[in-house]
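The values are calculated or read from the model by the stated rules, or taken from the named source; none is laboratory data. Everything numeric in this text was worked out from a predicted model, so none of it was measured. Virtual Cβ from ideal backbone geometry, glycine too; neighbours counted across all protein chains shown.
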Amino acid sequence: MALDVGFDDCGIARADALTDDEYPLHEWLRRGWHGDLAYMERNADKRMDPRLLVPGAKSVICLVSAYPPPDSIGGTAAYARTREYHEDIKQMLHALLDRLSPLTQSSNQAIKQSFKLCCDTVPISDKHWAARAGLGWIGRHTLLITSRWGSWVNLGEIVTTEECSEYSEYSEYSDFCSRCGRCVAACPNQALAPEGPPMLNVTRCTAYYTTHHQRELPPDIDTRGYTQGCDICQLACPFNH
């Protein structure tokens, strides 16, 4: 059904809380690497535990939507070169929910309470739940890497109180990234942690200054010609070629 409405992959994870090993959010916040993204602090607990987002949640349905790699370097990052992906994913999530609803035990009146659609604006860690659902692993550049599309993917979720008869198999993220480090070396601003859990210092990341609310660009940040977002770490990743 997910493929039928336009998604490229789907996995379902149990709605148990993420561990600090899976998602080092609290350490990232302690370092101050979130810059002025205060909303990451406000909803930290919900990002770790979807049961705080949807009381009684049992499942997180994770969806992947692949997008084309960039055909040039600089300017606009690949994810923003096509139509606004939020709108596409929201439409596909609603279409999927329409197909799922008749299969659940929920009444029509309870649908809104038993399903929550998520796409960026909801405090849930898309990439970490996609990894938990077996759709890929978290790379050193902190993005989800899939075996088929690399990290050229956008993500969405449906958190639900419905239980699934069979959940996706979760395995620890691949250790390929621990032996590589190309994304770390490629970043001109040393934004990526070279060791330890994958973490990004957003205050050293071009995309932090050129995405959404434009911030004043520090003189020592090298944008490599990007004016919206940045693809440099992804372009260095072997799984993206």
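Condition check ((1) within 18 Å of residue 132 (Cα to Cα); (2) out of contact with any Pro (no Cβ under 9 Å at 6 or more places or on another chain); (3) touching a residue at least 24 places away in the same chain (Cβ under 8 Å)) across all residues:
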site	(1), (2), (3)
6	no, yes, yes
25	yes, yes, yes
29	no, yes, no
35	no, yes, yes
38	no, yes, no
46	yes, no, yes
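Of all residues being polar (S, T, N, Q) and in contact (Cβ under 8 Å) with a residue 60 or more places away in the chain in the range 48-90, which is farthest from residue 8 (Cα to Cα)? Just the residue, please.
Restricting to residues being polar (S, T, N, Q) and in contact (Cβ under 8 Å) with a residue 60 or more places away in the chain, the top hit is 76.
Can you tell me which condition residue 201 does not meet? The list is (1) crowded, with 16+ Cβ neighbours inside 10 Å; (2) over 25 Å from residue 38 (Cα atoms), and all the others hold.
Among (1) crowded, with 16+ Cβ neighbours inside 10 Å; (2) over 25 Å from residue 38 (Cα atoms), residue 201 violates only (2).
Out of the residues in the range 199-215 that are in contact with a strand residue (DSSP E or B) (Cβ under 7 Å, 6 or more places away or on another chain) and at pLDDT 95 or above, state the one that is farthest from residue 28 (Cα to Cα). I'd like the intermediate steps shown before the answer.
The first filter runs over the range 199-215 and keeps only residues in contact with a strand residue (DSSP E or B) (Cβ under 7 Å, 6 or more places away or on another chain), leaving 200, 206, 210-211.
The next check asks that each one be at pLDDT 95 or above; those that pass are 200, 206.
Details: 200: 8, 206: 18 Å.
Per the criteria, the residue is 206.
Could you list, in sequence order, all residues of the range 3-17 that are assigned to a loop (DSSP other than H, G, I, E, B) and surrounded by 20 or more Cβ atoms within 10 Å (Cβ to Cβ)? Before you say what the answer is, go through the steps one by one.
Kept after step one, since they are assigned to a loop (DSSP other than H, G, I, E, B), are these residues of the range 3-17: 3-8, 15-17.
Matches in the range 3-17: 7, 15.
To keep it simple, each residue is scored yes or no on (1) surrounded by fewer than 18 Cβ atoms within 10 Å (Cβ to Cβ); (2) under 27 Å from residue 98 (Cα atoms); (3) modelled with pLDDT of 95 or more.
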{"position": "124", "(1), (2), (3)": "no, yes, yes"}
{"position": "156", "(1), (2), (3)": "no, yes, yes"}
{"position": "163", "(1), (2), (3)": "yes, yes, no"}
{"position": "166", "(1), (2), (3)": "yes, yes, no"}
{"position": "186", "(1), (2), (3)": "yes, no, yes"}
{"position": "197", "(1), (2), (3)": "yes, no, no"}
{"position": "217", "(1), (2), (3)": "yes, no, no"}
{"position": "228", "(1), (2), (3)": "yes, no, no"}
